[in-house]
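This report refers to the structure that appears directly beneath it.
Please treat every number below as a calculation from the coordinates, not as lab data. No experiment lies behind these values; they were computed from the predicted model shown. Backbone-built Cβ (ideal geometry, glycine too); neighbour counts: all protein chains shown.
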Amino acid sequence: MPRKPSEPWAKDEGGSGIRDAWERGKAPEELKPLVVQHRMAPGISALPNRLYYGGVLQDGDGVEDEAELSEWFSAQPPFSQAITRLDHTALETWTSSIARGQRSSRCNILAAALTVDAVSRMLRPDRPALPEGARPRVLVMSPYRPQAELLQAMLRCRHLHYDAAAGTPHAFQGSEASAVLLDLTVAAPHYRAGIFSSEHSEGHRRLLNVAITRARRRLVVVGDLSFLRPKAGDSALGRLLRHLATAAPSRPDVRPILRLTPEPDLGEIVARAERYVVWYVKDPDNNGALAESIAGAAGKGLPVLVITDPRRMTRVGLRGSALTQLRDSGAALMQKDSLREAILIVDGEIVALGAATTEGWSVWKSGAVAGLAASAHQVAGLIQLVESGRARCERCDQLLLLREGDHSKPGLYAQCSKCGRSAGSIGRPSGARHRRQQAAL
Ligand SMILES: [Zn+2]
């Protein structure tokens with residue numbers, strides 16, 4: 001039977017063939033169905049033990065010792081328990097599909113921001129620097145590669161990339177760290193994500209198992225749990241979430257974890273824009289001062305695009321509405337269904353995220369972060385529409401409605417809100433065809 005070195009106890013205990021055999025109910029008689037693990041704190045090992053190992057996992061000596069955290073880990077809540085659930089339902093995060101070659105993948109920018117800010121809250125400001133080449137203290141994982149890339153860029157932006165590394169669980173097979181954060185990434189409007197299906201359940205089960213068993217002392221699961229739990233049903237993810245509810249009953253308020261910049265500072269960033277401003281916003285009237293700054297950028301002749309909820313469009317033309325002011329100063333307006341939190345991208349250099357229920361903005365001054373956010377939201381294609389004067393229907397001059405394709409047709413496309421004429425796909429490579437989602441997402 002081939003050994004699977006990804007299993008943490010395979011080295012010491014004769015290989016995960018034991019587990020495979022055990023699961024098939026065919027363990028050889030000379031093998032005792034008992035496996036000792038020396039990595040995870042008991043609060044963490046209980047989770048894979050119940051979920052994946054049928055209770056045969058035993059904790060070795062020393063797994064309760066927290067000395068490895070003493071120099072650098074912040075004792076502040078909410079990360080004092082072995083497992084923490086960071087439920088960001090209240091932030092109303094938003095997942096985008098990303099065309100990746102012939103397949104689609106996902107990213108959720110606000111969830112990534114929360115995850116990285118959670119890493120920074122775990123690290124004591126006075127911690128000693130890690131020696132050159134030391135393994136990171138924290139691993140940050142997402143099942144989706146674009147999200148893992150965004151997480152890595154955000155870690156770098158916050159100067160956390162020595163303490164922490166981001167990647168997919170696949171990339172971290174065989175690794176371990178004192179703390180692991182698993183960013184589940186999927187949120188509205190992605191009701192049909194592959195990870196909800198039981199079709200690839202074995203692949204997803206392995207992926208989630210690898211992720212949670214990398215953690216030595218702290219495991220943090222980040223997700224829009226109110227969205228995920230009913231959708232995930234009896235899939236591998238659904239079972240994980242049900243067990244987590246018991247293993248980590250408390251769900252701290254995640255909002256204080258985000259590092260936020262007050263709105264006036266954002267106005268100053270917009271005032272310094274040189275190339276373009278793109279603002280996805282559910283209700284611009286809720287951010288009147290910022291809308292004024294953005295109108296100012298449009299008034300200077302910069303390409304400015306404001307994408308908002310179709311229901312707000314009735315306010316275009318009303319005196320005093322932010323949309324009227326934006327339109328009159330030369331901003332292009334488009335509409336998109338199911339908008340959630342706000343995303344502002346300036347010059348491809350700065351991205352700012354506004355959650356539905358927070359004051360202030362999560363600001364990332366990084367070309368790498370802004371570039372990934374811009375490509376997730378097809379900003380280059382949208383700016384091209386604005387600059388070529390095609391931001392309205394060519395036939396009837398109505399506003400365009402942006403829609404996100406599903407996994408069979410990933411990416412953003414635009415159509416006329418009146419006659420339905422398609423303005424084509426935006427920034428999506430032509431000929432991208434649906435291919436069934438694989439376990440490695
Ligand atoms: Zn039309």
Furthest towards positive pole of dipole, SER417, GLY203, PRO249, structure part the chain, Cβ charges: SER417
Fraction of antiparallel bridges per DSSP, the chain only, in percent to nearest 5: 50 percent
Counting DSSP beta bridges with both ends in the stretch 263-426, the antiparallel % (nearest 5): 70 percent
Within the stretch 169-209: backbone nitrogen closer than 19 Å to the TYR162 label point (7 Å, Cα to C-beta): 178-179
VAL222 long-range amide H proximity, modeled H, under 5 Å: LEU86, LEU182, ASP183, LEU184
Whole-number D in µm² s⁻¹ for the stretch 165-307, Kirkwood Cα-pair radius fed into Stokes-Einstein, 25 °C, 0.890 mPa s: 133 µm²/s
Rounded, prolate or oblate (a/c below 1.5 giving rounded, otherwise prolate when a/b exceeds b/c) for the stretch 187-243 by Cα gyration tensor: oblate
Anisotropy class of the stretch 95-236 from Cα gyration tensor, a/c 1.5 cut: prolate
Distance between modelled label sites at ASP126 and SER422, nm, 7 Å Cα→Cβ extension: 6.2 nm
Positive-end extreme of charge dipole, the chain - chosen from ALA134, ALA111, LEU181 (charges on Cβ): ALA111
Lys, Arg +1 and Asp, Glu -1 on Cβ, resulting dipole of the chain about Cα centre, debye, nearest 20: 1460 debye
Under Karplus coefficients 6.51, -1.76 and 1.60, residue-wise ³J(HN,Hα) of the stretch 377-383 in Hz, glycine/proline x: 10, 6, 5, 4, x, 5, 5
Pairs of alpha carbons in the stretch 95-179 whose separation is greater than 18 Å (percent): 43 percent
Amide H contacts under 5 Å for HIS190, placed H, 5+ residues apart: THR95
Surrounding net charge for LEU184, when Lys and Arg each add one and Asp and Glu each subtract one, Cβ distance under 12 Å: +1
Under 19 Å from LYS231, Cα to Cα: aspartates and glutamates that are on another chain or at least 8 residues apart: ASP87, GLU92, ASP183, GLU199, GLU202, ASP406
Fraction in percent of alpha-carbon pairs per bin - 10 Å, the stretch 258-415: 11, 43, 38, 8, 0
Net +/- balance of residues flanking LEU225 in space, Cβ distance below 12 Å, scoring K and R +1, D and E -1: +3
Per-residue [θ]222 nm for the chain (sum of -39500 (n - 2.57) over DSSP H runs n ≥ 4, rounded to 500): -8500 deg cm²/dmol
Stokes-Einstein D (µm²/s) once Rh is taken as the Kirkwood radius of the chain over alpha-carbon pairs, at 10 °C in 1.306 mPa s: 69 µm²/s
Karplus-derived 3J(HN,Hα), 6.51/-1.76/1.60, for each residue of the stretch 50-57, Hz, glycine and proline x: 6, 7, 10, 10, x, x, 7, 7
In Hz, Karplus ³J(HN,Hα) per residue of the stretch 130-137 (6.51, -1.76, 1.60; θ = phi - 60°; x = Gly, Pro): 6, x, 3, x, 5, 6, x, 6
DSSP beta bridges in the stretch 68-257 [antiparallel fraction, %, rounded to 5]: 25 percent
Under 5 Å, built H, 5+ apart or other chain: amide partners of ILE98: SER105, ARG106, CYS107
